[in-house]
Amino acid sequence: MRSRIYTIISGHFKSWYRSKSSIFWTIAFPLLLIVLFGAIFGSGSTKFDLYLQNQDLSANTPTYFSQGYITVLNNTGAFNLHVVPAEQPDPLTYVKNDAQLHNRGQRLLVIPLGFNATVMSGKNATIQLYMDQSDQASASLAGIVHSVTVSYAAAIAKAPNHLILQQVGIVTKNIRYIDFFIPGVIGMTLLTTGVFGAVNTNGSYRELKIIKKLATTPLSKIEWILGMVGYQMILATISLVVILFFGYAIFGVTATIDIYTVGLVVAASLLFPGIGMVLANFVKEAESADAAANAITFPMMFLGGTFWPRETLPDIMKIIANFMPLTYVNDGLRYALIYAEPAQALTNTLIALGLASFFIVLGSVLMNWKEE
Amino acid sequence: MSDNLPASLPGQSDRVVQVDKLSKKYGDNVAVNDISFNLTKGEVFAFLGPNGAGKTTTVEILECLRNPTGGRARVLGYDVSKRSDQAQIRKRIGVLPQDFNAIDRLTVRENINYFGAMFKHQLDADKLIELVDLKDKRDEQFKKLSGGLKQRVGLAVSLVNDPDVVFLDEPTTGLDPRARRDVWGVIERLKSQGKTVFLTTHYMDEAEYLADIVSIIDHGQIIASGTPDQLIDTHGGKKTLIIRDAGEEGLKQLPQGLPKAELRNAGDIAIPLHNGELTNILMSLAQTPLHDKEIEVRRPTLDDVFLNLTGRRVSEEGN
Ligand SMILES: Nc1ncnc2c1ncn2[C@@H]1O[C@H](COP(=O)(O)OP(=O)(O)OP(=O)(O)O)[C@@H](O)[C@H]1O
Ligand SMILES: [Mg+2]
């Protein structure tokens, strides 16, 4: 005797891979989005992003020599300079957050307090450049900053060694838009396959009397639901692997698959079909159930941080986004796959798992197995 | 009509289905109203009635899909209202729900195995495919089949656990005459294998052709039960002599002294026959121009039974 749950999983799976439109929505469509959005937002300016903190202020205005140095740096045309306020006590953390938000490289140049005075006194002055050695732009960027420094020193003191550029290595993850987008596309795909999968399968199987027929066999409602969830897990795993592979092959996105990723895939495969089942229960007619599924998934996609960072949303939307289950799946996937931040990944995974248990239980309780 | 035999040991009974004063109300709507009947092992039982009569409601109570609001029902000796008994019933019944479709993108064979896997033991898929005559289609996806073939897949699926009783809810509704005949053929095969079959239908000819016992249900109540012959003898009325295509003209040409004739179906003359009158009538007809017409004697059918009992006829669509 083959297990009933296995039979249900394999039935769903066969129906899936034999349907061109299912394959399109779960595989081809996400890849298409990646190429599209990658092309639109991926290639930013060719200038290097460089954060700059000038600590050498006097009465809130930059000192003479520090300002001169910045002007020369700017005149090279090689940099997009982003100013870090001088009063920022932890410029590195500031840069990290701001760079992620705007998808910039994390590099910081610090002109220390007393720079002007040191130069005037004829002593050697130091400028610090914080940069990740693994940053692909690091070599050329450091090269340009170095030559700017040398020529500036030569100009002001006729002594090229007068200014010292001290390079400090930092570990960053240089987050490009595409790195941000790939986990979002995964989250979106899990969302749509889960919600629509549950709404459509349960709807059409009910209409075709397949559920009624199954209810006259020894199969239980729980087994049926487990079968559906198992199928969703397989689909979610396929989506994840295909999208990550594609992201790596085309855009060089490197991701780490860890325990949190697994937890999130499990959570998503319970959460989104659970939401779909709750929906299908309230909206009985197949067509309106489909409309309801659209009405739920679209706002989630746009506000849940699929296409752009939630930090860029208006405040009220940020609050709404906090109530969207997709938010936690998306954030969790980003922290787990791309940012490699286990603590954050864990928090989001736990929230997602909590929401998942809630919705799958609610959906199961609400689903009529027998009487219509 | 209800006989109050004590319930025999579960699973051991020759009384495959026992229904006693069963009722089902949906709010104020009484869908099934105090019905009683029994179904004996090896019998083909037809539950005959128009749309909305309460057929599906009754069948689904027996399949443990709905709860009765009154009365009792046993299937294979088990009580349909007891949870622990329901599990036993589910193992041993075969069900073809009304308007059932199998899974579109699975093949005939895969569908049979899919539903078969829900049971502990399943019959060999190929044998079932042979039984319903779908050998050339067994690797075809369900959605590509015609209506008649789909219904035969449904039949195979309903037999997959080698059930002790099969419930077929309107298995031929919406099929063309040819496809209906094919489904009848399958049901006849089941009958010859000694299977107990509970069939619902609104087709009078179907019940007459297939059933050992017919119960006619209307507005939730059983209005007559018996073998088709018994029903026809009791409620069918007289045999009729039909003279085809005779028209108004023919009516005038009829000899004197015949029972009152009427015109039916655009031009057929129908003359009710009393016992022993046939020879006389034929001899008197031989003297008229009508002797050239096509003449036949029609036995009453279940249509006439239903008409006589309710004053209505049931249309092709079941209304
Ligand atoms: N779930 C339900 N809720 C409320 N009323 C129902 C429900 N199911 C059936 N009914 C009503 O009960 C009556 C009997 O319906 P049922 O489906 O049993 O008839 P049927 O003989 O199977 O008809 P058909 O030939 O159309 O299948 C009808 O009046 C129907 O409207
Ligand atoms: Mg019905």
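The values are calculated or read from the model by the stated rules, or taken from the named source; none is laboratory data. Keep in mind it's a predicted model, so treat the numbers as computed, not measured. Cβ placement follows ideal geometry from the backbone for every residue including glycine, while neighbour counts extend to all protein chains displayed.
Kindly list the number of the only condition in (1) assigned to a loop (DSSP other than H, G, I, E, B); (2) aliphatic (A, V, I, L, M); (3) within 16 Å of ligand 1 (Cβ to nearest atom) that fails for B:ILE35.
Here B:ILE35 meets the rest and fails (1).
Checking the structure you have, find out if any residue of region B:47-54 is outside any strand (DSSP E or B), away from ligand 1 (no atom under 12 Å from the Cβ), at pLDDT 95 or above and crowded, with 22+ Cβ neighbours inside 10 Å. Show your work before the answer.
From region B:47-54, those outside any strand (DSSP E or B) are B:49-54; that's our starting set.
From the residues that got through so far, the ones that are away from ligand 1 (no atom under 12 Å from the Cβ) too are none.
For region B:47-54, residues outside any strand (DSSP E or B), away from ligand 1 (no atom under 12 Å from the Cβ), at pLDDT 95 or above and crowded, with 22+ Cβ neighbours inside 10 Å: absent.
In region A:244-270, how many are more than 22 Å from A:SER15 (Cβ to Cβ) and in contact (Cβ under 8 Å) with a residue 24 or more places away in the chain? Outline the logic, then answer.
Going residue by residue through region A:244-270, those that are more than 22 Å from A:SER15 (Cβ to Cβ) are A:244-264, A:266-267.
If we keep only those that are in contact (Cβ under 8 Å) with a residue 24 or more places away in the chain as well, we get A:244, A:246-247, A:250-251, A:253, A:255-258, A:260-261, A:263-264, A:266-267.
Going through region A:244-270 one residue at a time, the tally reaches 16.
Hey, any hits in region A:93-100 for a residue that's touching a residue at least 60 places away in the same chain (Cβ under 8 Å), surrounded by fewer than 20 Cβ atoms within 10 Å (Cβ to Cβ) and under 14 Å from A:GLN53 (Cα atoms)? Explain how you work it out, then say what you get.
Narrowing region A:93-100 to residues touching a residue at least 60 places away in the same chain (Cβ under 8 Å): A:96, A:99-100.
Subsequent filtering for residues that are surrounded by fewer than 20 Cβ atoms within 10 Å (Cβ to Cβ) retains A:96.
Checking the rest, the ones that are also under 14 Å from A:GLN53 (Cα atoms) come to A:96.
Scanning region A:93-100, I find at least one residue that is touching a residue at least 60 places away in the same chain (Cβ under 8 Å), surrounded by fewer than 20 Cβ atoms within 10 Å (Cβ to Cβ) and under 14 Å from A:GLN53 (Cα atoms), so the answer is yes.
Name the residues in region A:118-143 that are touching a helix residue (DSSP H, G or I) at 6+ places or on another chain (Cβ under 9 Å), among the hydrophobic types (A, V, I, L, M, F, W, C) and over 17 Å from A:GLN53 (Cα atoms), would you?
A:VAL119, A:MET120
How many residues are among the aliphatic types (A, V, I, L, M) and part of a loop (DSSP other than H, G, I, E, B) when one looks only at region B:144-203? Walk me through how you get there before you give the answer.
We begin by selecting, within region B:144-203, every residue among the aliphatic types (A, V, I, L, M); these are B:145, B:149, B:153, B:155-157, B:159-160, B:165-166, B:168, B:175, B:179, B:183, B:186-187, B:190, B:197, B:199.
Now restrict to residues that are part of a loop (DSSP other than H, G, I, E, B): B:145, B:159-160, B:175.
Selection size over region B:144-203: 4.
Would you mind telling me which numbered condition in (1) within 16 Å of ligand 1 (Cβ to nearest atom); (2) at pLDDT 95 or above B:LEU155 fails?
Here B:LEU155 clears every test but (1).
Would you say B:PRO171 is on the phi < 0 side of the Ramachandran plot, more than 16 Å from ligand 2 (Cβ to nearest atom), buried (at least 17 other Cβ atoms within 10 Å of the Cβ) and within 14 Å of chain A (Cβ to nearest Cβ)?
Values: on the phi < 0 side of the Ramachandran plot: yes; more than 16 Å from ligand 2 (Cβ to nearest atom): no; buried (at least 17 other Cβ atoms within 10 Å of the Cβ): yes; within 14 Å of chain A (Cβ to nearest Cβ): yes.
Answer is no for this residue.
Can you tell me how many residues in region B:201-243 are within 30 Å of B:HIS291 (Cβ to Cβ) and either within 16 Å of ligand 1 (Cβ to nearest atom) or of a type in the set (A, V, I, L, M, F, W, C) (or both)?
4
May I ask you to list the residues in region A:189-238 that are away from chain B (no Cβ under 11 Å) and touching a Pro at 6+ places or on another chain (Cβ under 7 Å)?
A:THR189, A:GLY194, A:GLY197, A:ALA198, A:MET228, A:VAL229, A:GLN232
Determine which member of the set A:SER21, A:SER3 is within 14 Å of chain B (Cβ to nearest Cβ) and more than 30 Å from A:PRO183 (Cα to Cα). Even if it seems obvious, please write down each step before you answer.
Details: A:SER21 fails: more than 30 Å from A:PRO183 (Cα to Cα).
Answer to the check: A:SER3.
If a residue has to be more than 8 Å from ligand 2 (Cβ to nearest atom) and either of a type in the set (D, E, K, R) or on the phi > 0 side of the Ramachandran plot (or both) to count, how many in region B:53-64 make the cut?
Number satisfying all stated conditions: 4.
Just name the residue that is nearest to B:LEU96 (Cα to Cα) out of those in region B:65-81 that are in a loop (DSSP other than H, G, I, E, B), within 15 Å of ligand 1 (Cβ to nearest atom) and not polar (S, T, N, Q).
Kept after step one, since they are in a loop (DSSP other than H, G, I, E, B), are these residues of region B:65-81: B:65-69, B:76-77, B:80-81.
Narrowing further to those that are within 15 Å of ligand 1 (Cβ to nearest atom): B:65-69.
Restricting the remaining residues to those that are not polar (S, T, N, Q) gives B:65-66, B:68.
Values: B:LEU65: 13, B:ARG66: 16, B:PRO68: 20 Å.
Going through the qualifying residues, I end up with B:LEU65.
Might you check whether a residue that is in a loop (DSSP other than H, G, I, E, B) and under 14 Å from the mean Cα position of the chain (by Cα) occurs anywhere in region A:354-370?
Just the residues of region A:354-370 that are in a loop (DSSP other than H, G, I, E, B), to begin with: A:367-370.
After this cut, where a residue has to be under 14 Å from the mean Cα position of the chain (by Cα) as well, the list is none.
No, region A:354-370 contains no residue that is in a loop (DSSP other than H, G, I, E, B) and under 14 Å from the mean Cα position of the chain (by Cα).
Quick check, is B:VAL95 touching a residue at least 40 places away in the same chain (Cβ under 8 Å), assigned to a strand (DSSP E or B) and within 16 Å of ligand 1 (Cβ to nearest atom)?
yes
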